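Report on one structure; see the data block that follows.
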Amino acid sequence: MSYNFIDLFAGIGGFRTGFEKNEFNCVFSSEIDEHAGEMYHANYNETVFKDITKIDEKEIPNHDILLAGFPCQPFSIAGEKKGFNDTRGTLFFDIQRILKEKKPKAIVLENVKHFKSHDNGNTLKVVLNALNELGYTTSWKVLNAKDFGVPQNRERTIIVGSLNGIKFDFNKLATQEPIYIKDILEDDNGQIEYLEENDYTIIENQKKQSSGLIFAGYRNKKIRTKGTRPDTLHLSRVHKQPNRIYSSNGTHPTLSSQESSGRYFVYHNRKVRKLTLKECYRLMGFEDDFKLVGSKAKLYNRIGNSIVIPMVEEIAKQVKNQILNKTDDIIKCKKPIKQISLFDFINEKLAG
Ligand SMILES: C[S@@+](CC[C@H](N)C(=O)[O-])C[C@H]1O[C@@H](n2cnc3c(N)ncnc32)[C@H](O)[C@@H]1O
């Protein structure tokens, strides 16, 4: 059975690819960023609708499932307060008005890990209350990309809602054995950027952290010496994320949407090298034939904003099994209404 979805805050289509791999069909996409729109067109041959706040919900095609990796914004109201218009002025309000009009059978929302604690938990509470008010049964969990076969420690809050009363069970998601940075590196084709030996320091006793990361060393960038205690000078370098170097035998930290220079350095075969753009896209589960158009800076921003495809694929599979197929079963099980003509009705009555 094939289901239709809409791709809101679509970015470069991470959600879309994961759902399409499970034979879902995209019927509408919205994305405001010009460059993301160009990449979307290059890869899916589809022109996105731009600002979602300007789109009338009645114009959006009917769909079975709404997907949205929406930006995290605070609400001025407290979680307990109810009322459809309470969230007006936020991008979540646009999701709400589409749900109210279109009533898709299921929804999947994605946000950053700290969404659950954002504004002391109020943001999540408002979102869940609003979805419940619209008839959705919700569940949520923080998932980590490294559990889905990509070597990136990337935690994201996922909310799944269903209109048929089924509570999505995150425990049914199939997880995979970890793989490491070295498993996704390109062969050295002469294009790899290496650091000079005196540009970095490699530490002894490299240990794998519970996140899977192995901190291997740091770039010898200028440090702030004023007011620093003796023997702690290196710490001011280490504490800057773009100075850190991780071992290729471990997991990579979260790729950031703020990092437009691609300062991701790994220690591999006793040398320090920068990850290539292709490797960054692999760290999010994009295939090598995914078309990268535009400047390097924009391509780094886009990938840091996206969602890890193998994780989405698994969510899509379970949403289909747990919610959508079940919704169809419920509809099939309902006794069909017997339709009789007026002639038969009168005859039945006369026959007593
Ligand atoms: C966290 S990203 C989602 C990325 C996406 N999941 C992907 O795989 O690339 C949020 C996206 O929302 C877009 N956005 C923000 N405001 C918007 C608006 N008013 N209308 C449409 N898109 C918007 C941003 O440009 C950004 O690409």
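Restricting segment 280-320 to residues that are of a type in the set (S, T, N, Q) and in a loop (DSSP other than H, G, I, E, B), which is farthest from Phe15 (Cα to Cα)? Quick ask: steps written out before the conclusion?
First, the residues of segment 280-320 that are of a type in the set (S, T, N, Q): 295, 301, 305-306, 318.
So of that shortlist, the ones also in a loop (DSSP other than H, G, I, E, B) come out as 295, 306.
Numbers: Ser295: 23, Ser306: 8 Å.
Only one residue fits best here, namely Ser295.
For Ile179, are the conditions met, namely being surrounded by 12 or more Cβ atoms within 10 Å (Cβ to Cβ), among the hydrophobic types (A, V, I, L, M, F, W, C), outside the structural domain of Val319 (by TED's automatic domain parsing) and not in a strand (DSSP E or B)? Against the criterion (surrounded by 12 or more Cβ atoms within 10 Å (Cβ to Cβ), among the hydrophobic types (A, V, I, L, M, F, W, C), outside the structural domain of Val319 (by TED's automatic domain parsing) and not in a strand (DSSP E or B)), Ile179 qualifies. Filtering segment 59-78 to residues that are assigned to a loop (DSSP other than H, G, I, E, B), within 13 Å of the ligand (Cβ to nearest atom) and in contact (Cβ under 8 Å) with a residue 60 or more places away in the chain leaves Gly69, Phe70, Pro71. Which one is farthest from Ile307 (Cα to Cα) among residues in segment 31-56 that are of a type in the set (Phe, Trp, Tyr) and near the ligand (Cβ under 9 Å from one of its atoms)? Residue satisfying both the conditions and the ranking: Phe49.
Of the residues in segment 281-298, how many are within 12 Å of the ligand (Cβ to nearest atom) and surrounded by fewer than 21 Cβ atoms within 10 Å (Cβ to Cβ)? Give the derivation first.
As a first pass, look at segment 281-298 and keep what is within 12 Å of the ligand (Cβ to nearest atom): 281, 284-286, 290, 298.
From what is left, the residues that are surrounded by fewer than 21 Cβ atoms within 10 Å (Cβ to Cβ) are 290, 298.
Here the count works out to 2.
Taking every residue in segment 42-58 that is under 24 Å from Arg97 (Cα atoms) and assigned to a loop (DSSP other than H, G, I, E, B) and pairing it with any residue that is of a type in the set (A, V, I, L, M) and within 12 Å of the ligand (Cβ to nearest atom), at least 6 positions away or on another chain, the pairs with Cβ-Cβ distances below 7 Å are Val48/Ala10; Lys50/Ile32; Asp51/Ile32.
For segment 187-224, residues that are touching a Leu at 6+ places or on another chain (Cβ under 6 Å) and part of a strand (DSSP E or B) total 0. Between Phe9, Phe28, the distinction of being crowded, with 18+ Cβ neighbours inside 10 Å, more than 8 Å from the ligand (Cβ to nearest atom) and among the aromatic types (Phe, Trp, Tyr) belongs to Phe28 only.
The numbered conditions (1) at pLDDT 95 or above; (2) farther than 27 Å from Leu124 by Cβ; (3) away from the ligand (no atom under 12 Å from the Cβ) are all true for Ser2 except (1). Every residue in segment 12-25 that is within 13 Å of the ligand (Cβ to nearest atom) and hydrophobic (A, V, I, L, M, F, W, C), please. Ile12, Phe15, Phe19 - these are the residues of segment 12-25 that are within 13 Å of the ligand (Cβ to nearest atom) and hydrophobic (A, V, I, L, M, F, W, C). All conditions in (1) among the hydrophobic types (A, V, I, L, M, F, W, C); (2) within 16 Å of the ligand (Cβ to nearest atom); (3) not in a loop (DSSP other than H, G, I, E, B) hold for Val150, with the sole exception of (3). Each residue in segment 110-143 was checked for being in contact with a strand residue (DSSP E or B) (Cβ under 6 Å, 6 or more places away or on another chain), free of Cβ contacts under 8 Å to residues at least 60 places away in the same chain, buried (at least 20 other Cβ atoms within 10 Å of the Cβ) and not aromatic (Phe, Trp, Tyr), and 2 of them qualify. Just to be sure before I move on: is Asn171 surrounded by fewer than 20 Cβ atoms within 10 Å (Cβ to Cβ) and in a helix (DSSP H, G or I) in the structure I sent? So Asn171 passes the test.
Just to be sure, is Lys105 touching an Asp or Glu at 6+ places or on another chain (Cβ under 8 Å), touching a residue at least 60 places away in the same chain (Cβ under 8 Å) and either charged (D, E, K, R) or surrounded by 14 or more Cβ atoms within 10 Å (Cβ to Cβ) (or both)?
Working: touching an Asp or Glu at 6+ places or on another chain (Cβ under 8 Å): yes; touching a residue at least 60 places away in the same chain (Cβ under 8 Å): yes; either charged (D, E, K, R) or surrounded by 14 or more Cβ atoms within 10 Å (Cβ to Cβ) (or both): yes.
Taking the combined requirement at face value, the residue satisfies it.
The values are calculated or read from the model by the stated rules, or taken from the named source; none is laboratory data. It should be emphasised that the depicted structure is a prediction, and the values quoted were computed from it without experimental measurement. Cβ atoms come from the backbone with ideal geometry, glycine included; neighbour counts cover every protein chain shown.
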